[in-house]
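The structure appears below as structure tokens.
The values are calculated or read from the model by the stated rules, or taken from the named source; none is laboratory data. The model shown is predicted, which means the values in this text are computed figures rather than measured ones. Virtual Cβ from ideal backbone geometry, glycine too; neighbours counted across all protein chains shown. For the accessible areas, the whole protein counts, side chains as well, though only heavy atoms, and no ligand, DNA or RNA atoms are used. Shrake-Rupley method; radii C 1.70, N 1.55, O 1.52, S 1.80 Å.
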Amino acid sequence: MADFLVSIDTTDVFALPSATRLDVVARERAAGRALIEAGTLKGLWRVPGEKGNVGIWSVADADELHDLLQALPIFPHARFHVRPLATHPLTSGADDFFNKP
């Protein structure tokens, strides 16, 4: 599995007509809960002062992530920034990493 940091800017959702916005948000919540239950969305945080969130997504590869993001009800109304994550030596047990020449 590969982990990705995904930032989602939902600013444009607030410009939708009220009925459309309520529908998109309700469907997005259901999709998000399903992703959390499946273990795909490992963590989700709001960003203070911003309309959006950041999450850690765990998937087989970037293609699977792309498919999952495109399937989100919010996809047409949001902007996404994706960063692949690599294991850090402090958490991988490779304590000698910083001692290498």
Task: Subset of segment 10-23 (residues that are polar (S, T, N, Q) and either in contact with a helix residue (DSSP H, G or I) (Cβ under 6 Å, 6 or more places away or on another chain) or open to solvent by 40 Å² or more (accessible area, probe 1.4 Å) (or both)) - done: 11, 18, 20
- [ ] Filter segment 39-92 down to the residues that are of a type in the set (D, E, K, R) and either touching a Gly at 6+ places or on another chain (Cβ under 8 Å) or outside any loop (DSSP other than H, G, I, E, B) (or both), then identify the one that is nearest to residue 4 (Cα to Cα).
- [x] 83
Task: segment 1-29 residues that are in contact (Cβ under 8 Å) with a residue 24 or more places away in the chain, paired with ones that are surrounded by 14 or more Cβ atoms within 10 Å (Cβ to Cβ) and of a type in the set (Asp, Glu) (beta carbon under 9 Å, 6 or more apart) - done: 2/64; 10/28; 13/28
Open item on the list: I'm trying to understand the selection: among the residues of segment 1-28, which are within 18 Å of residue 70 (Cβ to Cβ) and of a type in the set (D, E, K, R)?
Closed with: 9, 12, 27, 28
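Per-residue answers, yes or no, for (1) of a type outside the set (Val, Ile, Thr); (2) surrounded by 10 or more Cβ atoms within 10 Å (Cβ to Cβ):
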position: 25; (1), (2): no, yes
position: 34; (1), (2): yes, yes
position: 46; (1), (2): yes, yes
position: 49; (1), (2): yes, no
position: 67; (1), (2): yes, yes
position: 72; (1), (2): yes, yes
position: 83; (1), (2): yes, yes
position: 86; (1), (2): yes, no
position: 93; (1), (2): yes, no
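Go through 86, 62 for me and flag whichever is more than 15 Å from the chain's Cα centre (by Cα) and either under 18 Å from residue 8 (Cα atoms) or modelled with pLDDT under 95 (or both). Let's see the steps before the verdict.
Numbers: 62 fails: more than 15 Å from the chain's Cα centre (by Cα).
Just one listed residue meets the conditions, 86.
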